[in-house]
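Report on one structure; see the data block that follows.
The values are calculated or read from the model by the stated rules, or taken from the named source; none is laboratory data. What you are looking at is a predicted structure, and each value in this text was computed from that prediction instead of being measured. Ideal geometry is used to build each Cβ from the backbone, glycine not excepted, and the neighbour counts take in all protein chains shown. Surface areas here come from the heavy atoms of the whole protein model, side chains and all, with no ligands, DNA or RNA. Shrake-Rupley method; radii C 1.70, N 1.55, O 1.52, S 1.80 Å.
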Amino acid sequence: MSGTRSSEASVEARRERILEQVLEEGAVAIGELARRHGVSGMTVHRDLDALGAAGFLTKERGRAVAPSALRVETSALFRMRAGARLKEAVARAALPLLGEPESVLVDDSTSVLPLLAALGRRGRPITLVTNYLEVVRRAAEHPQLGVHLLGGDYSPDLDATFGPAAVEAVRRRTVDVAVLSVPAVAQGRCYHPLEPSAALKRAALETARRRILLIDHTKTPRTGPHLVCDTGRFDAVVVDGGVDPAEADAMRATGTTVVLAPLD
């Protein structure tokens, strides 16, 4: 039985790596994926069929192709799976920066989710303020974590609340730390494809005593239709070590501290 679980885990791990590569590169030839992972083309086809059935990618003319940028950023399920290894590394590096907060605002970013279990193990009460329902579900597993769920209009794609009511609710609260993420950063500027999400992040920056940005290198250099802010609005930016040094330098030039998360 343990051998079966090990085999299933290795398949899931390979599919996760394939997903990361396709997301990062946009499209990868199926033969190239087979070469990289040391498996047959038939095995890669099975992996891609499984990822495709979940809506994560498509097969087109012998290639695995990532969804459009809008699809990537508006699918809660896709964001939950994509780049999990990078997000966990970034979260580990960010944890010491939080200090000993009593209240932490986390937004509708899957990058913040790996932090929750670590906060729940700290042995002291922490109130999470969020618009993201997945945060509520995960916090329920940890008695030390209380949750204040922001109101607003519910988006099924993002599994979160937005709109004027959510923004106003953020502005009425003061929190010790805001931990946020964005899907695109280029030359020290943060972008988002959806204005309601960008607006909520801007409000969070106004209400928090300290502000931390979590991103992985696949989000750089990328832009979007809505400017959120310069990276200088954050006290620290945590990104994995795969980031282009020029992008890291551009962030530092805005006045923030850049913490490079090591990859295991």
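Taking each residue of the stretch 45-62 that is within 17 Å of Arg17 (Cβ to Cβ) and looking for partners that are part of a loop (DSSP other than H, G, I, E, B) and open to solvent by less than 50 Å² (accessible area, probe 1.4 Å) with beta-carbon atoms closer than 7 Å, six or more apart or interchain, yields Leu48/Leu57; Leu51/Leu57; Leu57/Ala66; Leu57/Pro67.
Taken over the stretch 124-136, the criterion of being without any contact (Cβ under 8 Å) to a residue 24 or more places away in the chain and under 19 Å from Ala166 (Cα atoms) is satisfied by Val136 alone. Scanning the stretch 15-34 for residues that are within 25 Å of the chain's Cα centre (by Cα) and open to solvent by less than 50 Å² (accessible area, probe 1.4 Å) returns Arg15, Glu16, Ile18, Leu19, Glu20, Gln21, Val22, Leu23, Gly26, Ala27, Val28, Leu33. Going by what's in this entry, would Gly151 be described as free of Cβ contacts under 8 Å to residues at least 40 places away in the same chain, open to solvent by 10 Å² or more (accessible area, probe 1.4 Å), more than 25 Å from Leu227 (Cβ to Cβ) and not charged (D, E, K, R)? Yes; evaluated as a whole, the condition is true for this residue. Going residue by residue through the stretch 192-204, is there one that turns out to be touching a Gly at 6+ places or on another chain (Cβ under 6 Å) and open to solvent by less than 40 Å² (accessible area, probe 1.4 Å)? Checking the stretch 192-204: at least one residue is touching a Gly at 6+ places or on another chain (Cβ under 6 Å) and open to solvent by less than 40 Å² (accessible area, probe 1.4 Å). Scanning the stretch 209-263 for residues that are open to solvent by 10 Å² or more (accessible area, probe 1.4 Å), in contact with a Leu (Cβ under 6 Å, 6 or more places away or on another chain) and more than 22 Å from Ser197 (Cα to Cα) gives a single hit, Gly241. Which is out of contact with any Phe, Trp or Tyr (no Cβ under 6 Å at 6 or more places or on another chain), within 14 Å of Pro196 (Cα to Cα) and in a helix (DSSP H, G or I), of Ala117, Ala166? Criteria check complete, one pass: Ala166. Would you be able to say whether some residue in the stretch 82-98 is of a type outside the set (Gly, Ala, Ser), in contact (Cβ under 8 Å) with a residue 40 or more places away in the chain and outside any helix (DSSP H, G or I)? No, the stretch 82-98 contains no residue that is of a type outside the set (Gly, Ala, Ser), in contact (Cβ under 8 Å) with a residue 40 or more places away in the chain and outside any helix (DSSP H, G or I). With respect to being assigned to a loop (DSSP other than H, G, I, E, B) and touching a Pro at 6+ places or on another chain (Cβ under 8 Å), Arg173 falls outside the description.
Kindly indicate the residue of the stretch 155-180 that is among the hydroxyl-bearing types (Ser, Thr, Tyr) and surrounded by 15 or more Cβ atoms within 10 Å (Cβ to Cβ) and also nearest to Glu100 (Cα to Cα) among those meeting that condition. First the steps, then the outcome.
First, pick out the residues of the stretch 155-180 that are among the hydroxyl-bearing types (Ser, Thr, Tyr): 155, 161, 174.
Filter again for surrounded by 15 or more Cβ atoms within 10 Å (Cβ to Cβ), leaving 155, 161.
Numbers: Ser155: 32, Thr161: 27 Å.
Ranking the candidates gives Thr161 first.
Taking the listed residues Val129, Val104, Val136, the one that is surrounded by fewer than 19 Cβ atoms within 10 Å (Cβ to Cβ) and either hydrophobic (A, V, I, L, M, F, W, C) or within 13 Å of Ser181 (Cβ to Cβ) (or both) is Val136, with no other qualifying. Checked against the criteria, Arg138 counts as closer than 20 Å to Leu86 by Cβ and not in a strand (DSSP E or B).
Restricting attention to the stretch 35-74, the residues being open to solvent by 50 Å² or more (accessible area, probe 1.4 Å) and either of a type in the set (A, V, I, L, M, F, W, C) or modelled with pLDDT under 85 (or both) number 6.
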